[in-house]
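Participant: Below you'll find the structure I mean.
The values are calculated or read from the model by the stated rules, or taken from the named source; none is laboratory data. This is a predicted model, so every value here is computed, not measured. Cβ sites come from the backbone with ideal geometry, for glycine too, and all protein chains shown count toward neighbours. In case anyone asks, the SASA skips ligands and DNA or RNA and just uses the protein heavy atoms, side chains included. Shrake-Rupley method; radii C 1.70, N 1.55, O 1.52, S 1.80 Å.
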Amino acid sequence: MAYKRQGATLSMSKFREIIRLHELGHNKSEIARSCFISRTSVRDYLRRAQGQSLSYDQLSQLSDSDIQHLLGKGQRQSSRKKPAIDFEYVHREMQRKGVTLGLLWMEGKERGDWNCSYSGFCRRYRQWKKQHSLSMRQIHKGAEKILWTTAV
């Protein structure tokens, strides 16, 4: 049976119900069917509750925001500012013969210029390149560059 996705976070009343049913001895499949969520969501919330040693009695005394704070749900991880990469330098180096993104990534990683994966480096370089129009408009006048071939 397929379940409709209800959003990024589960309501805390449903979370309390998951813990209550688990303490009554129901298995994950039964809990998932009862709460209309996936078994993996049930497993995730049970692990979070067990990690904090939370029981149904404790959860019934806590507010929804307190539970969310304990579970780490509903709040974004503090996004660390990614170190700026000088993609102008990378682009200039790419113009040289035999230079690849892999080579530049490895050199920068060894120097400690950045701490990102190769795929992340390539993705960020493509995004930078897309934002910078690296083309030059050329105007051609008619018959200015005709190549004359004559038999001599």
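Participant: So in segment 96-114, with the set limited to residues that are outside any helix (DSSP H, G or I), at pLDDT below 90 and not hydrophobic (A, V, I, L, M, F, W, C), which one is surrounded by the most Cβ atoms within 10 Å (Cβ to Cβ)?
Facilitator: Initial filter on segment 96-114 (outside any helix (DSSP H, G or I)): 96-100, 112-114.
Subset that is at pLDDT below 90: 112-114.
From the residues that got through so far, the ones that are not hydrophobic (A, V, I, L, M, F, W, C) too are 112-113.
Numbers: Gly112: 8, Asp113: 15.
Ranking the qualifying residues of segment 96-114, first place goes to Asp113.
Participant: Could you please tell me which pairs satisfy a Cβ distance under 8 Å, a separation of 6+ or placement on different chains, a first residue in segment 93-118 that is touching a residue at least 24 places away in the same chain (Cβ under 8 Å) and among the polar types (S, T, N, Q), and a second residue that is open to solvent by 50 Å² or more (accessible area, probe 1.4 Å) and part of a loop (DSSP other than H, G, I, E, B)?
Facilitator: Partner pairs satisfying both residue conditions: Asn115/Pro83.
Participant: Can you pull out the residues in segment 53-69 that are over 21 Å from Gly25 (Cβ atoms) and surrounded by fewer than 13 Cβ atoms within 10 Å (Cβ to Cβ)?
Facilitator: Of the residues in segment 53-69, the ones over 21 Å from Gly25 (Cβ atoms) are 61-69.
If the condition is that a residue be over 21 Å from Gly25 (Cβ atoms) and surrounded by fewer than 13 Cβ atoms within 10 Å (Cβ to Cβ), then Gln61, Ser63, Ser65, Asp66 are the ones that fit.
Participant: Report, by residue number, each residue of segment 14-29 that is more than 11 Å from Leu59 (Cβ to Cβ) and either outside any helix (DSSP H, G or I) or open to solvent by 80 Å² or more (accessible area, probe 1.4 Å) (or both).
Facilitator: Correct list: Leu24, Gly25, His26, Asn27, Lys28.
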